[in-house]
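Chemist: Take this structure first; my questions come after.
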Amino acid sequence: MTTTPTDTPLIGEFTAVTPSGPLEGARIGVITFPGTLDDRDAARAVRLGGGTPVPLWHADQSLHGVDAVILPGGFSYGDYLRAGAIARFAPVMDTVVKEAGAAAASSSPLPVLGICNGFQVLTEAQLLPGSMIKNDHLKFICKDQVLRVENTETAWTSQFTQDELITVPMKNQDGQYVVSAEELEAIEAEGRVVFRYVGENPNGSRNHIAGVTNERGNVVGLMPHPEHAVEAGYGPDDATGLREGTDGLTIFTSVVSSLAGGSK
Amino acid sequence: MTQSSTSFNIDTVENASTTPETELPWAELGLKEDEYHRIVQILGRRPTAAELAMYSVMWSEHCSYKSSKVHLRQFGEKVTEEMKKDLMVGIGENAGVTNLGDGWAVTFKIESHNHPSYVEPYQGAATGIGGIVRDIISMGARPVAVMDPLRFGDIDHPDTKRVLPGVVSGIGGYGNSLGLPNIGGEVVFDSVYQQNPLVNALAVGVLKHEDLRLANASGVGNKVVLFGARTGGDGIGGASVLASESFDDTKPSKRPAVQVGDPFAEKVLIECCLELFHSELVEGIQDLGAAGISCATSELASNGEGGMHVELTKVLLRDPTLTPGEILMSESQERMMAVVTPGNAEAFEAVMGKWGVEYSWLGEVTDTGRLIIEWDGETIVDVDPRTVAHDGPVYERPYHRPDWQDDLQADTFRISDAAADLPATAEELGEAVVELMSSPNMTDVSWITDQYDRFVGGNTALSQPDDAGVIRVDEETGLGVGLATDCNGRYAYLDPYTGAQLALAEAYRNVATSGAVPMAVSDCLNFGSPEDPEIMWQFAEAVRGLADGCKTLGIPVTGGNVSLYNQTAGRAIHPTPVVGVMGKFDDVARRTPSGFQRWADGQAIYLLGTTADELDGSEFARLRGHLGGLPPKVDLAAEKTLGEILINASRDGMIDSAHDLSEGGLAAALAEMSLRFGVGSRTALDELCERDGVDPFTALFSESQGRALVALPRSEELRFTDMTSARRFPALRLGVVDAVSGGLEVSGPFEGGSFGIGLDELKEVWSSVIPSRFGGLVEAEIATRQQ
């Protein structure tokens, strides 16, 4: 069935402050699948990053003219089959693949960010290489995670500095990134690792990979959750104190700024 | 009568009237003989098989509160008008609702899922979360967080190894999939909980005043709809034969009585219900938990116009072989029942379609005063719903103070062998602090809490290990709530009346320590068998203590749950009245963290309150294998004053960290404040020992109540001590935060003058207790595999 964005209740009840300034023209879609959990967090992050979040519904093929798309975290369809395996067949994904995938005709294909379950959906949709399996320790784990930003050329990372260390929450059960040896070599050779775990490998991911991008650099997948590190008081702990970390916000200001034609 | 399903199908009301001699399996369904006779008396004939099924579950201890009701009345009787001023919905509904101001309200409740979690730890714990969350939804609220007070047997007992990992992953597996942050709880190990673990779950939800919904079926001709998951054969008799009996090795496994959870179905159900509320499409709503359709139909009908007509073959089934009685009793999860006007039916169906939720229209509301359930057009239930839902048996169970209580209370720690060789020198005291912090009850529980999502929703301002879990409700104003749950079963064992008040006092103190103004209480009363007069006395005393305590503190009990029969082979758990307190923040940005801040070097540390020689029931006594004497004294007036000080200090930004003193006393509080961010301290006990007339050992390990530690910038010291002296509340400058030394340094009037404990060393022992038993969460396990 088709619904308009105003029909979805998730973000409509969102109560954060409205941004001002010229950037709110950047309209960023946030997709809700059944079982999506972090859609309101992603919408808040877009807003705090200076953009306008637009709720997108899994069953609606239309992207409603958004400038970029976020696939948030959660357990789409319960992840009972395999994380992201069913969500990738959602009507909205057909359009995302068309506008962001390798076949996209535009010279500036749609920027897409998949976080956690969203990353899993992007690999299932083959917009990104590799796949996610159960953590090597077999448990769900929630912790503050340090990442190194290794690619600042994407629309989502343009405002980071090369090799910047950031702390964002990580929380997942199926977070172990696996990929064939050939693809891994290609990803590394082409500099397509966007984020890498620093310190102990938290889940057994190949080469400590936390996030990758596609060949054209418009699609980024990331296991940890930058949308949970955008507001002081509610993020990960950092040196200044309890839950003060806001390192994740740069992802959202990066895309808003890129869409507004800005650069770093 | 035979056991085949066809014979169930044809046991109509008509058949029951003409076959009074038919024997029914009332005993197998958990009914007592006099209860069965009462059903016959109410109906004027023998019940049908389906009616018997309904009465048996609804009259079970779990659903009817038949043993506890006469005592629980005090929660209503001891409430003053003043206490009710913010209470929008009190005891009796699915969950109580408290006005938070600005048009917001909050609803919260604790429930137990003890018995199922012992039989099948993962599903038992998972569906415990599922059930309490549906209670919250049915009030019209969006669930925003969960907490889980847990109690297990001895940490080294094989049964604990079986139960704990399953319970933890069940809570995580279900709660994480719902998108609800887990913001706190408790983990207690004690051999009394072996074979009777306590798995309590608290859920909190928020709503706008206009979204409040109640469980009643009003409006004759309105339609009754069942939606969510299909009805299956799981959880049949969960409330009656499982939760309302003691465990016994001689009986067969009760696994089929445990429900199986589907968190994805529940997540979709949450969003779907919120959309129904938002679009004003339901007149009344009730979740299906214990006693399933029996409970939902009889409660909705008796709370509304009094009648309902239902066709049971319309229920969508997972298992088509279920009998009508089984369908009525099934506790399959993720189901809701609603009352919808005919005019809204189409819109209701559209919402179901959007979320992909299955539904079936079962019947309609009537004003006949009868609940009529048909099976393929033949009447199989014809009852007054009130007799099922509300007029169950009420027992004045006999109770008396145990003969052994006096001896227990006379056996104090000080006169016991356990006190023969107490630490007295610097070295001994230092070692004792390390020993205390490596006790399973004082240890780092991040192995458990790291398996729970604490970030989802983006509104978690505090979570474990801080004193309270804090959630922002309104993102524009910062309006929010703080919650804590507490209970020390050892205290309650020594004196149930005081023990219940101590649980209340601690939860109240924790909430106030975080900076929230305590507003409301929910309780989960976990006890042994009510058929034992001594257990019943513990229960009666605990309820009386809690009700009196709430009146003194001026905060009402808004709801809760009773879990009885927590005993195995005649051995009962300690009375464990878990108390949850909810408090309000005007702005959660003002919340006070529990740990010394990294930038707080040189800040002053103050101890609030008085320390007496109160080691009975303490964690230190437990380490020495002793339990006897009287629990610490409770002074609720002092708790109230302490709370005001902590709340004002938070609101005015005077303090940067605060932590209450409870299990493990001052030693534990100091260690925990340092371990939080790895920031040390230098403190001196001399003045404390002199002022309160206690020795250094007592100063460190006594568990006197009404105390807290705070750290504040020196620039605030005068303002802070002015406030404490104005309230005549004892405040003593104990020392300073030391962010450089990386240690806990304590000096005092003992041999050697001072001892120091390196935080690295302390952290090592403190954080390895649980992983060393249950395996590393990440590092240790990976290291093992790489070898």
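Chemist: Relative to the first principal axis of the alpha-carbon coordinates of chain B, what is the inclination of helix B:158-178, with its axis defined by its Cα atoms, in degrees from 0 to 90 and to the nearest 10?
Modeler: With both axes taken from Cα atoms, the answer is about 70 degrees.
Chemist: Take the eigenvalues of the Cα gyration tensor for region B:454-560, scale each by 5, and report the square roots as semi-axes in whole Å, largest first.
Modeler: 31, 14, 12
Chemist: Give a residue-ordered list of calculated ³J(HN,Hα) values for region B:574-586 (Karplus: 6.51 cos²θ - 1.76 cosθ + 1.60, θ = phi - 60°; whole Hz; x for Gly, Pro).
Modeler: Coupling constants for region B:574-586: 5, x, 10, x, 6, 10, x, 10, 10, x, 10, 10, 5 Hz.
Chemist: Each residue of region B:647-653 in order: what ³J(HN,Hα) in whole Hz does its phi give by Karplus 6.51 cos²θ - 1.76 cosθ + 1.60, θ = phi - 60°, with x for Gly and Pro?
Modeler: So the J values, rounded to whole Hz, are 5, 5, 5, 6, 5, 8, x.
Chemist: Next question, about the same structure. Amide H of B:ASN566 versus every other amide H placed in the peptide plane: which residues, excluding those fewer than 5 positions away on the same chain, fall under 5 Å?
Modeler: For B:ASN566, the qualifying residues are B:PHE527, B:GLY528, B:SER529.
Chemist: Could you give the angle, 0 to 90 degrees to the nearest 10, between helix B:759-774's Cα long axis and the longest principal axis of the Cα atoms of chain B?
Modeler: Value to nearest ten degrees: 30.
Chemist: State the Kirkwood hydrodynamic radius of region A:5-259 in Å, one decimal place, computed from all pairs of distinct Cα atoms.
Modeler: Computed over Cα pairs of region A:5-259, the Kirkwood hydrodynamic radius comes out at 17.8 Å.
Chemist: Along the Cα→Cβ direction, 7 angstrom out, place labels at A:GLN126 and B:GLU28. What is the inter-label distance in nm?
Modeler: Inter-label distance under the simple model: 5.7 nm.
Chemist: Still on this structure, please answer the following. Quick query: amide H of B:LEU214 versus all other amide H atoms, modeled in the peptide plane; which residues come in under 5 Å with a sequence gap of 5 or more or a different chain?
Modeler: Excluding prolines and chain starts, which carry no amide H, the hits are B:ILE285.
Chemist: Additional query: What are the residues whose amide H is under 5 Å from the amide H of B:ALA461, where those residues sit 5 or more places off or on another chain and H is modelled from the backbone?
Modeler: Residues meeting the criterion, in which the H sits 1.01 Å from N, are B:VAL470, B:ILE471, B:ARG472.
Chemist: Let me ask something else about it. Using only Cα atoms, tell me the angle between helix B:496-514 and the longest principal axis of chain B; keep it within 0 to 90° and round to the nearest 10.
Modeler: Tilt relative to chain B: about 70 degrees.
Chemist: List, in order, the whole-Hz ³J(HN,Hα) value for each residue of region B:81-94 obtained from phi through the Karplus relation with A = 6.51, B = -1.76, C = 1.60 and θ = phi - 60°; use x for Gly and Pro.
Modeler: 4, 4, 5, 8, 5, 9, 8, 8, 9, x, 4, x, 7, 4
Chemist: Could you compute the longest span of chain B free of GluC sites (Glu not before Pro) located in DSSP loops and having at most 14 other Cβ atoms within 10 Å, not counting the site residues?
Modeler: Excluding the exposed sites themselves, the longest stretch runs over B:477-750.
Chemist: If you don't mind, another one. For the protein assembly as shown, count all C-alpha to C-alpha pairs, find those more than 51 Å apart, and express that count as a whole percent of the total.
Modeler: 22
Chemist: Shielding by partners for A:136-146, please: the mean number of other protein chain Cβ atoms within 10 Å of each residue's Cβ.
Modeler: Neighbouring Cβ atoms belonging to other protein chains average 6 per residue here.
Chemist: Any idea what the alpha-carbon Rg over 2.2 N^0.38 Å comes to for chain B?
Modeler: 0.97
Chemist: Given Cα positions, please report Rg to Rh for region A:110-249, the hydrodynamic radius being the Kirkwood one.
Modeler: That ratio equals 0.95.
Chemist: Quick check: net charge around A:THR123, other residues with Cβ under 12 Å of its Cβ, Lys/Arg +1 and Asp/Glu -1?
Modeler: Residues near A:THR123 contribute -1 overall.
Chemist: If you don't mind, there's one more thing I want to ask. Return the whole-Å distance between the Cα centroid of region B:352-377 and the Cα centroid of region B:734-777.
Modeler: 62
Chemist: Related question: Could you work out the mean count of beta carbons from other protein chains within 10 Å of each residue's beta carbon in B:459-466?
Modeler: 3
Chemist: Please report the spacing between the Cα centers of region B:568-637 and region B:544-566 in Å, no decimals.
Modeler: 18
Chemist: Looking only at region B:208-231, which residues have a backbone nitrogen under 17 Å from a spot 7 Å from the Cα of A:ALA59 in the C-beta direction?
Modeler: The answer is B:227-229.
Chemist: Take the alpha carbon atoms of region A:57-79, find their center, do the same for region B:79-93, and report the distance between the two centers in whole angstrom.
Modeler: The distance from the Cα centre of region A:57-79 to that of region B:79-93 comes to 43 Å.
None of the figures in this text is laboratory data; all of them are computed from the coordinates on show. The model shown is predicted, which means the values in this text are computed figures rather than measured ones. Counting neighbours? That spans all protein chains shown, and the Cβs are built from the backbone with ideal geometry, glycine included.
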